[in-house]
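Every number here is computed from the coordinates shown, using simple stated rules; none is lab data. Computed from a predicted structure; not experimentally measured. So basically every Cβ, Gly included, is an ideal-geometry build from the backbone, and we count neighbours across all protein chains shown.
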Amino acid sequence: MHYEIKYSDFVKGEFTTPYNWVHCLNENCEIKKRCTRWHVIRKMKQKDLCGKCILPTSNPVEGCKLFHKMKKIKVAWGFKKALGNVKACDYKAIRHDIIKTMSNRRDFSRYDSGAWKLTENQQEEIKRIFADYGYDDVEFDFYEEMVSFLNK
């Protein structure tokens, strides 16, 4: 399951949060400006009737246990550009190695079509595959900035 939203949708407030997401209502928190939990509840247009939250009365002295660093990531998808620039003799081997990295052809197709997005780590892993065959300037078909709900 992927827990990212387009940065442009985040700015406009057009998104939903993952199931069991904890919102922060603590206006007095010293680290609120860097926390996704604090920003999300203020940006969302869809106002849920109920949900989990960090209460305004909490005042963590040694940092918040639920702090979630606000993180913007650059995701990518599509392999046509990257695979279109390889020699015919390398094409099958590179494609096979990418599919192996993603577990199976179905997942490869999801990342190729944009149904799923490649994280920055996945992009680097795929670029290493191309580099092993001597290709250094690898570009994916599409890129997009997103806000991550994962703390990895």
Rounded, prolate or oblate (a/c below 1.5 giving rounded, otherwise prolate when a/b exceeds b/c) for the chain by Cα gyration tensor: prolate
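Using 0.36 nm per residue of separation minus the Cα-Cα distance, give me the extension gain between ASP136 and LYS33 in nm, one decimal.
Full extension of this stretch gives 33.3 nm more.
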Please find the FRET efficiency linking HIS96 to ASN121, where r is the Cβ-Cβ separation and R0 is fixed at 30 Å, and quote it to the nearest 0.05. 0.90
Students often forget the sequence filter, so: which lysines lie under 23 Å Cα-Cα from LYS12 once same-chain residues fewer than 8 apart are removed? LYS32, LYS33, LYS43, LYS45, LYS47, LYS52, LYS69, LYS71, LYS72, LYS74, LYS117
Which distance in nm do the two modelled labels at ASN104 and LEU55 give, with both placed 7 Å along the Cα-to-Cβ direction? 4.7
In units of 2.2 N^0.38 Å, what is the alpha-carbon radius of gyration of region 4-54? 1.10
Segments 80-87, 139-146 sorted - mean Cβ within 10 Å per residue, highest first: 139-146, 80-87
